[in-house]
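Right, one structure below, let's go through it.
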Amino acid sequence: MKYKRDAESTYQSFSPRKPKSNWSKLNRERAAKLTAQGLMMPAGQAMIDVAKKTGTWTALVEVEKAIIPSDLKKQFDKSQKAFKNFQSFPPSSKMIILTWIMSAKKPDTRLQRIMKTVELAKQNVRANHYTKK
């Protein structure tokens, strides 16, 4: 979080990361900047090392580039309408959906999320989004 210090600068607080949390592009860039400036603390570097070892450092790269995974693409190939609607979703919505699919822990859960995404996209509805009841 950033807090205004004066007219020209801000404070930015950093909190400890959980070992299993994924690193966004923005967080990877901040970490690189802190490292380059010699400001990275040992605990922070240790979390970066853990993230690189476990894959959480790069887990969101394909999502951030809006790369559609092959298993989702296969389902979209069966419904051009769903694919066309998905492509028209805003980038932020596509990221939410792709992150939701990517974060499934079990293959069955991933498949269910993919199927729900395609089915809802056919109706031009975004999966894993809040809807008013």
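The values are calculated or read from the model by the stated rules, or taken from the named source; none is laboratory data. Note that this is a predicted model, so its numbers are computed, not measured. Every residue, glycine among them, receives a Cβ derived from its backbone with ideal geometry; neighbour counts consider all protein chains shown. Surface accessibility is based on the protein's heavy atoms, side chains included, excluding ligands, DNA and RNA. Shrake-Rupley method; radii C 1.70, N 1.55, O 1.52, S 1.80 Å.
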Checklist entry - Could you give every pair whose Cβ atoms fall below 8 Å, whose first residue belongs to the range 43-68 and is of a type in the set (D, E), and whose second residue is open to solvent by less than 40 Å² (accessible area, probe 1.4 Å), counting only separations of at least 6 or pairs across chains? => result E62/P69; E62/L98; E64/S24
Checklist entry - E8 is checked against (1) open to solvent by less than 100 Å² (accessible area, probe 1.4 Å); (2) assigned to a loop (DSSP other than H, G, I, E, B); (3) of a type in the set (D, E) and fails just one. What number does that condition carry? => result (1)
Next on the checklist: Of the residues E29, E62, only one is open to solvent by 40 Å² or more (accessible area, probe 1.4 Å), part of a helix (DSSP H, G or I), of a type in the set (D, E, K, R) and in contact with a helix residue (DSSP H, G or I) (Cβ under 8 Å, 6 or more places away or on another chain); which?
Outcome noted: E62
Item to check | Neighbours by Cβ (under 7 Å, 6+ apart or cross-chain): first from the range 11-33, modelled with pLDDT of 90 or more; second outside any loop (DSSP other than H, G, I, E, B) and of a type in the set (A, V, I, L, M) | outcome: W23/A51; A31/I48
Item to check | Residues being out of contact with any helix residue (DSSP H, G or I) (no Cβ under 8 Å at 6 or more places or on another chain) and either of a type in the set (S, T, Y) or under 18 Å from H129 (Cβ atoms) (or both) - total across the range 65-83 | outcome: 1
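Quick check on this structure: which one of I101, I48 is farther than 19 Å from R17 by Cβ and either not in a loop (DSSP other than H, G, I, E, B) or not polar (S, T, N, Q) (or both)? So that I can check it myself, show each step before the final result.
On the way: I48 fails: farther than 19 Å from R17 by Cβ.
Among I101, I48, only I101 is farther than 19 Å from R17 by Cβ and either not in a loop (DSSP other than H, G, I, E, B) or not polar (S, T, N, Q) (or both).
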Checklist entry - Do we find that K116 is within 22 Å of L60 (Cβ to Cβ), without any contact (Cβ under 8 Å) to a residue 24 or more places away in the chain and assigned to a helix (DSSP H, G or I) in this structure? => result yes
